[in-house]
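The values are calculated or read from the model by the stated rules, or taken from the named source; none is laboratory data. Remember, it's a predicted structure, so these values are computed and weren't measured experimentally. Ideal geometry is used to build each Cβ from the backbone, glycine not excepted, and the neighbour counts take in all protein chains shown. Heads up: the accessible areas ignore ligands, DNA and RNA and are worked out on the full protein's heavy atoms, side chains in. Shrake-Rupley method; radii C 1.70, N 1.55, O 1.52, S 1.80 Å.
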Amino acid sequence: QVQLVESGGGLVQAGGSLRLSCLASGRSFSTYGMGWFRQAPGKEREFVAGVSWSGTRTYYADSVKGRFTISRDNAKNTVYVQMNSLKPEDTAVYYCAAEVTGRGQGQGRYDYWGQGTQVTVSS
């Protein structure tokens, strides 16, 4: 069992930056693939970024490529997403998720989810 707690959300102006963090409990964090997802009001949840268990492979949605960077620190049981050049359309609740295969890709099932953190980008 893994518990995930996101932090770092908030209100930022367009063009600004935020860094979200996700702290995981449990001893198996370093074996999990990790992902960030988001859900805007009235829209389905979508994959944003993912990272493999080792941190060597990363994956991004086309909408955030070149602006967002996912990373992880297995010693701290934490995964991050650095979000730069934020746009109003990035406004959403952002969720951290873990999956047991270790791949961290956008497709496939994620097994554990955090409660989410709100990101609001004003124009």
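Observations on the structure shown:
- With viscosity 0.692 mPa s and temperature 37 °C, the Kirkwood radius over alpha carbon pairs of segment 34-85 converts through Stokes-Einstein to a diffusion coefficient of 283 µm²/s.
- Set of aspartates and glutamates with alpha-carbon distance to Lys43 below 16 Å, sequence-local pairs under 8 removed: Glu89, Asp90
- Taking a quarter of the surface of the Cα convex hull of segment 49-115 gives a mean projected area of 4.9 nm².
- Charge sum, other residues only, whose C-beta stays under 10 Å from Cys22's C-beta, Lys/Arg counted +1 and Asp/Glu -1: 0
- Straight-distance candidates among the lysines for linking to Lys76, with alpha-carbon spacing under 29 Å and chain neighbours fewer than 8 residues away dropped: Lys65.
- Rounded accessible area of Ser54 (nearest 10 Å², 1.4 Å probe): 50
- Compactness of the chain - radius of gyration and Dmax, Cα, Å: 13.2, 41
- Springs between Cα atoms under 10 Å define the GNM used for the chain, and in it the highest mean-square fluctuation of Glu99, Glu89, Glu44 occurs at Glu44.
- For segment 76-123, the Kirkwood estimate of the hydrodynamic radius, built from every pair of different alpha carbons, is 12.6 Å.
- Of all the options Leu20, Leu11, Leu86, the one that moves most in a Gaussian network model of the chain with Cα springs shorter than 10 angstrom is Leu11.
- Projecting the Cα atoms of Gln1, Thr78, Ala49 onto the charge dipole of segment 1-83, computed from C-beta unit charges around the Cα centre, puts Thr78 farthest toward the positive end.
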